[in-house]
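Below you'll find the structure, written out as structure tokens, and then a few comments.
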Amino acid sequence: MSTEDRTNSASYYSITEHDQPGKLRRQLSFVLRSWTLNLAGAMEFRLSFLLTAGMMMINNIVWIVFWGLYFNRFQVLNGWELHDVMMLWAVSAGGFGLMATFFGNASRIANIIATGQLDVYLAQPKPVLLHVLISRMSVSAIGDVLFALLVFAIFGDKSAAGIAKFGLAMAIAAVIFIFFSVIVNCLAFWVGNTEGLSIQLFNALLTFTTYPTSIFKSWGKLVLFAVIPAGFISYLPIGLLREINLPFLIGALAVSALFVACGTLLFYRGLKRYTSGNMMTLRR
């Protein structure tokens, strides 16, 4: 892949600035078509699809049962009640499920870079990062989304305002998951295959989003909000769903926007350092 090809792909956004509405429609159509093809591929083996998604739901339900047993004995955990912890799991599982279902390559970028598979995306006149992210769907993650909706149906506030707040909470969680993964995977542009490190860092984020923030003190909370941004997800049941804590909500939205900007910038900066893998691969 020549430098000229990479430049043309990276500068895709500036080619049709005079036709922004048309470009937006084409990109939206491309995204929807990609998601449809991913789902069609997953549904080709329906039994496998149902078993995989179902097993993920069962895995999450086991943890819900554990927390249910805990709160049956202790009614409050540092201000958190059973309802809050249930919504914590709904937001965390739902955010992760949205990421892995619709942007399934977010956690594979390091491998894609290290093995030269970016050539496939650079050769096409589409936004490279977007194309990479939406080109894969995790079947098991659909179970996470269904689990989140089930928990919300049982424990959530089903008023119009409650549904809107839950949707916003899942969107914030999904954005943080996606672009945290993009950032840690983009280290591969500079230090080689960091797939193992990226997985460990993302798993740390995912793990800490499933525990109430109130159980962490001083340095623990600092790490959750300043180093691994799990706190901006795990506090959503209190700072948004129970009642709107405006400073926290503004902070969560700002952090989400910051991660989008940093992840996008880091990817395209790294793209300038990318060395072709000379792979012969075709995509539809």
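Within the listed set Pro237, Pro212, Pro21, the Gaussian network model of the chain (springs between alpha-carbon atoms below 10 Å) gives the highest mean-square fluctuation for Pro21.
Within the listed set Ile178, Ile113, Ile64, the residue fluctuating most in the Gaussian network model of the chain (springs between alpha-carbon atoms under 10 angstrom) is Ile64. Overall size of the stretch 195-234 from C-alpha positions, given as principal axis extents largest first: 31, 17, 13 Å.
Between the stretch 164-191 and the stretch 80-126, the alpha-carbon centres lie 7 Å apart.
GNM on the chain, alpha-carbon springs under 10 angstrom: the most fluctuating residue among Ala169, Ala100, Ala53 is Ala53.
For the chain, the per residue solvent-accessible surface stands at 50 Å², with DNA, RNA and ligands left out and a 1.4 Å probe.
Per-residue accessible area (protein heavy atoms, 1.4 Å probe) orders Ile183, Ile250, Ile233 as Ile250, Ile183, Ile233, starting from the largest. Among the protein heavy atoms, those of Val184 account for about 10 Å² of accessible surface (1.4 Å probe, every chain in place). Counting only protein chain heavy atoms and rolling a 1.4 Å probe, the accessible areas of Cys262, Cys186 rank, largest first, as Cys262, Cys186. For the Cα trace of the stretch 23-271, dividing Rg by the Kirkwood Rh returns an Rg/Rh value of 0.97.
The values are calculated or read from the model by the stated rules, or taken from the named source; none is laboratory data. The model shown is predicted, which means the values in this text are computed figures rather than measured ones. Keep in mind that these areas ignore ligands, DNA and RNA; they rest on the heavy atoms of the full protein, side chains included. Shrake-Rupley method; radii C 1.70, N 1.55, O 1.52, S 1.80 Å.
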